[in-house]
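Okay, so here's the structure we're looking at.
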Amino acid sequence: MNALLDLDRLTVRRGARAVVDGVSLRVAAGEVVGLLGPNGAGKTTLLRAALGLLPHEGRSSLARLSPRERARMVAFLPQGREIAWPVPVADLVALGRAPHGSPDRDDPAVARAIARMALEDFRTRPATELSGGEQARVLIARTLAQETPLILADEPVAGLDPEAQIRTMQVFADHARAGGAVVASIHDLGLAARHCTRLVLLKAGRLVADGTPREVLTEANLAQVFAIRGYHAETGDGPVFLPLGTVA
Amino acid sequence: MRLALVLSVTVAVLFAASLLIGPGGLGLGESLRALFTGEGGPVALVMREIRLPRAILGLLVGATLGLSGAAMQGYLRNPLAEPGLIGVTATSALGAVLALQTGLVAAFSLALPVAALAGAALSVVLVLLLAGPRGGALALILAGVAIAALAGALTSLVLNLSPNPYAASEIIYWMMGSLADRSFTHVWIAAPFIALGLAALVTLGPGLDALTLGEDAAQSMGVNIARLRLVLILGTAASVGAAVAVAGAVGFVGLVVPHILRPFVAARPSRLLWASAFGGAAMLLAADIATRLIAPERDLKLGVLTAIVGAPFFLHLIWRLRGSEA
């Protein structure tokens, strides 16, 4: 099966230090990959380098594409949630259509994205007047409106209320089921365990574990990477994970 | 679309008013007949050689300041940005001041606009060298501020060392900005650069829209930021350099106009470009008419008037920003 994302020994250096150190990763259609790791592990740098936004060594299948080809292949949700001007929500979401022609707020893809993030009531409101969490949903909708096979999202659920968090993860799951793939950095291990098909664990720029949530969220990995211990159980609704405390 | 209609009608009316208002005390019918037929001796001369180039320059310079201001604000995502931020106004003015001081202007009347254009070109080279062709927004601002400060200091030095008080006062008056006593020669000098610059800047609309979401998001949507920045710098330098070359340093238009018009275009940077071009032209034509109406015998300078109107607006802007960030 063709990979939607193929990273081969991707390395990003800042001075002498490797912030991302030889990460190889293939992501196929149907996968929702949770990118885990403590602050400073290199998650954001990995995503930006994979897109070709940072100088890097090694190879990324995305960095070789022309900017326009890439924009039709992958949608990116940056971590910094910047909305510079009080643009109405529908116009902002419509920006995602730019790679496919000129952005048009009446494009059906815009309506679909707005519906997925439950933003119908905000369509004509200036985005800067919304709350932080609502703005985050608008920016996710913009990413969805791009309707690309692959979505890279940097902390998509940070700052969202529980309903919006679950909705976002379900939207990602639907996207994967429809033949796409998602790579999202996530700090909420419970959400990651519950909604991702695969987890990738980073520590100090290196990939230290890669597999199903059950395989990755082991006692040893949690202690080594996060210095925490947790509770893991299988329920009728799927796997459940709860961080319990720190370990010395 | 309604905004486009309102703005274009406003500009058309102000352009006509600029042609018809002046110290000549000419009748309406007489003026128009002379303008279109070229008959009527001195009246035709006044209309075709004095008022028409002045109105055209008002239109071009105003459109330049408005459009480049909107583009700069869009790129930097900051409502306080203005076209002079990359140093082009200051270096053009320095070029012009050197031409005045060295007496080149007396020997060759086009030396002033040519020297100002050379100053604009110099600012582009310096900004690109200092900020790097791929430098970020902050590098661009810092390079622009440094260049503007240096050019301002050198301009002061020229004034300071000027042995001739008449030359010094001529320089000071020139720096205040004016459209008085311009001819079609000025139009022909400025128009090609302004046309090229504006044509370059209007292509930036989609990229500036995407930049609303920040540089990473814009790049991921296919925007080539390095190219956008280069086009912005070149377009601004060509058009603003030419505007300064023929009109002097006219401040606040590029700052105020995009800000006034932003709510009417739903804050979309691409639509603000067009609107600000028209809005800038309207503001400059109106200000130029006002200099002729308020104190026709005192030669009130255009730049003084736009600053007197613009500075309080700027204060108001800061006041409101302060409130919203509290």
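See the values below:
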quantity: Label-zone membership for the stretch A:129-148, site A:ASP161, 7 angstrom Cα→C-beta point, backbone N under 11 Å; calculated: A:133-134
quantity: Estimated inter-spin distance, B:LEU161 and B:ARG227, nm [label 7 Å along Cα→Cβ]; calculated: 4.5 nm
quantity: Built amide H within the under 5 Å cut-off of A:LEU202, gap 5+; calculated: A:LEU36, A:GLY37, A:VAL208
quantity: Sites A:THR212 and B:ARG322, calculated FRET efficiency, Cβ-Cβ separation with R0 41 Å, nearest 0.05; calculated: 0.20
quantity: Accessible-area order (highest first, 1.4 angstrom probe) of the listed residues B:TYR75, A:TYR231; calculated: A:TYR231, B:TYR75
quantity: Dipole magnitude of chain B, debye to nearest 20 (Cβ charges: Lys/Arg +1, Asp/Glu -1, about Cα centre); calculated: 500 debye
quantity: Positive dipole terminus of the protein assembly as shown, leading residue within B:SER92, A:LEU95, B:LEU285 (C-beta point charges); calculated: B:SER92
quantity: Per-residue mean of C-beta atoms belonging to partner chains within 10 Å, peptide A:126-139; calculated: 1
quantity: Descending Cα extents along the principal axes, chain A, whole Å; calculated: 52, 41, 36
quantity: Total charge dipole magnitude, the stretch A:3-246, about the Cα centre, Cβ charges on Lys, Arg, Asp, Glu only, Debye to nearest 20; calculated: 760 debye
quantity: Total accessible area lost when B and A pair, probe 1.4 Å, Å² to nearest 100; calculated: 1900 Å²
quantity: Calculated from backbone phi, Karplus (6.51, -1.76, 1.60) coupling profile of the stretch B:226-241 in Hz, x at Gly/Pro; calculated: 4, 5, 4, 5, 5, 4, 4, 5, 5, x, 5, 5, 5, 6, 6, x
quantity: Sites B:ARG2 and B:THR185 - FRET efficiency at Förster radius 51 Å, r taken between beta-carbons, to 0.05; calculated: 0.85
quantity: For chain A, built as a Gaussian network whose Cα springs stay under 10 Å, the top-fluctuating residue of A:THR148, A:THR11, A:THR218; calculated: A:THR218
quantity: Calculated [θ] (222 nm, deg cm²/dmol) that DSSP helices of n ≥ 4 give over chain B, each run adding -39,500 (n - 2.57); calculated: -25000 deg cm²/dmol
quantity: Label-zone membership for the stretch A:174-190, site A:ALA29, 7 angstrom Cα→C-beta point, backbone N under 14 Å; calculated: A:175-182
quantity: Estimated distance in nm for a label pair at B:ARG48 and B:ALA16, the labels positioned 7 Å out from Cα along Cα-to-Cβ; calculated: 2.2 nm
quantity: Computed magnitude of the charge dipole of the stretch A:25-103 (debye, nearest 20; Cβ of K, R +1, Cβ of D, E -1); calculated: 200 debye
quantity: Top positive-direction residue, dipole computed over chain B with Cβ charges, set B:LEU117, B:GLY135, B:VAL246; calculated: B:GLY135
quantity: Residues listed by number, the stretch A:71-95, amide nitrogen under 20 Å from A:ASP6 label point at 7 Å toward C-beta; calculated: A:71-75
quantity: Surface accessible to a 1.4 Å probe, A:HIS100 within the full protein complex, Å²; calculated: 80 Å²
quantity: Karplus-derived 3J(HN,Hα), 6.51/-1.76/1.60, for each residue of the stretch B:81-93, Hz, glycine and proline x; calculated: 6, 8, x, x, 4, 8, x, 5, 5, 5, 6, 4, 4
quantity: Virtual spin-label span in nm between A:ASN39 and B:PHE108, 7 Å along Cα→Cβ; calculated: 6.3 nm
quantity: Three-way shape call for the stretch B:2-325 based on the alpha-carbon gyration tensor, with the a/c threshold at 1.5; calculated: oblate
quantity: CD proxy at 222 nm, helix term only [per DSSP H run n ≥ 4: -39500 (n - 2.57); per residue of chain A; nearest 500]; calculated: -8000 deg cm²/dmol
quantity: Listed residue (A:ALA204, A:LEU242, A:HIS232) projecting farthest to the positive dipole end of the stretch A:194-248, Cβ model; calculated: A:ALA204
quantity: Förster radius 45 Å - calculated FRET efficiency between A:SER66 and B:LEU154, Cβ distance, rounded to 0.05; calculated: 0.55
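The values are calculated or read from the model by the stated rules, or taken from the named source; none is laboratory data. Owing to the predicted nature of the structure, the values given are computational and were not obtained by experimental measurement. Neighbour counts are summed over all protein chains in view; Cβ atoms, including those assigned to glycine, are modelled from backbone coordinates with ideal geometry. Surface accessibility is based on the protein's heavy atoms, side chains included, excluding ligands, DNA and RNA. Shrake-Rupley method; radii C 1.70, N 1.55, O 1.52, S 1.80 Å.
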